[in-house]
């Protein structure tokens, strides 16, 4: 059964839900984590971005990617975390075709980042490791492995088990994606697998955590939320007397069936036989000048939560629109460019905000770009609207042409006869002709059907081809219909 939200099951739930998230994000670097192969896992040709190091040829030695370490330390700085002074890399041993060495280089006891907070959720740790190869299964013909992704720098963030609703989990993942993009450390596209979320889920009637189940293969925020809701329902049925028992295991998510399915017994840390990698040096972070707290803080851009607060505080932007401008850099930049062009005039700011989040977003849906519109041209358009030179209809038409072709809004409006007519005598003539042509409607209006005034105004706008001033039409029709 499809559920729209976790709230749907609250009335029937008698257990406390606890969730911890593990989020993997591929980092933006030129090369892989421990070798000089290109970091380009989406190359159309399989197995071209590989070398003896990432393919584990005998006698090869890994070298730590400094940029990847820097990326993770910047994430930790943004989260207000504790940055490690000492750190090392470990071997996580398991045998699978996507791991050519027979082990994955990761971090176990000494992660780069500990603690911190994001979106009200406490962070346990953030560490670095290498990604695995990507596998494709061809049914009876077997499986294929593409090692372009093997060895790509992978950041893993683990939250504390403090999430208690599906919505909290989804909101956290969305905020993390936004942070990673803001910092420029990862594209974090979930549909490409650049950001992958795993949810550790348990339910209990006490504060003691229940048996934990890990759900993998969650490739969208909605899947994260729906998988949690599904697991709560499944576990509740078992604990309330259903068949079977809750076992600690790894489960996958079936997007088509909107349900989880068992994959394998959940491993514990000792199953991986972690031990420090003898081929990689220990790192003393304080001895690396570029990794000092001062220099890391100096690289911080305006963070998402800071920008939201500033837009509301400085410009009076609606909370939901501030979210739009933070999430979409293109729209956010256009808004601020336009605001700067009109020198922060509050009524004009409100108009800019409204036109971007309604009409302009509608235009963007076709191409995803801002077209020919600039901050200056949008500011000029709003100035014309405030001056009464453009009606609402005329402004929409002008903006559409600006988007498609670019150019100055006044020149566009004049060329296309969109400048609002404020000539009282010309409008009076139109009003008289419309009243004369509609005697039945006039009689109905005078009999008390005052809502028909909108009909007359509409006829006036039609007669003027959208260029008449609707406010002036309203006044003239009210006078003419007395």
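A short reminder: the numbers here are calculations on the coordinates, not readings from a lab. Note that the coordinates shown come from a computational prediction; the quantities given were computed from them, not determined experimentally. Note that we place each Cβ from the backbone using ideal geometry, even for glycine, and neighbour counts take in every protein chain shown.
Peptides 18-24, 358-364, ordered by how many other C-beta atoms sit within 10 Å of their residues on average, highest first, read 18-24, 358-364.
Helix 166-183 and the long axis of the chain differ in direction by around 90°, with both axes built from C-alpha atoms.
Per residue of the chain, the DSSP helices (runs of n ≥ 4 H) give a summed -39500 (n - 2.57) that works out to -11500 deg cm²/dmol at 222 nm. With the simple model of a label 7 Å out from the Cα in the direction of the Cβ, residue 337 to residue 361 spans 2.0 nm. The long axis of helix 424-437 is offset from the longest Cα principal axis of the chain by roughly 80 degrees. Hey, with R₀ at 51 Å, roughly what FRET efficiency would residue 36 and residue 416 work out to, going by the Cβ-Cβ distance, to 0.05? After rounding to 0.05, the efficiency reads 0.35.
When only alpha carbons are used to place a centre, the range 169-188 and the range 426-481 end up 54 Å from one another. Distance between the pseudo-spin-label points of residue 309 and residue 138 (7 Å out from Cα toward the beta carbon): 5.6 nm. Per-peptide packing, taken as the mean over residues of other Cβ atoms within 10 Å, places 400-406, 288-294 in the sequence 400-406, 288-294 from highest down. Please determine, in degrees from 0 to 90 and to the nearest 10, the orientation of helix 329-341 with respect to the longest principal axis defined by the Cα atoms of the chain, where the helix direction is its Cα long axis. Between helix and principal axis, roughly 40 degrees.
Evaluate the distance, in nm, between pseudo-label points positioned 7 Å from the Cα of residue 64 and of residue 275 along their respective Cα→Cβ axes. Label-label distance for residue 64 and residue 275, simple model: 2.1 nm. The distance from the alpha carbon centre of the range 105-162 to that of the range 283-354 is 29 Å, rounded to a whole number. Along the Cα-to-Cβ line of residue 328, 7 Å from the Cα, sits a label point; which residues in the range 373-417 have backbone N less than 11 Å from it? What the label zone holds, given the 11 Å backbone N cut-off, is no residue at all.
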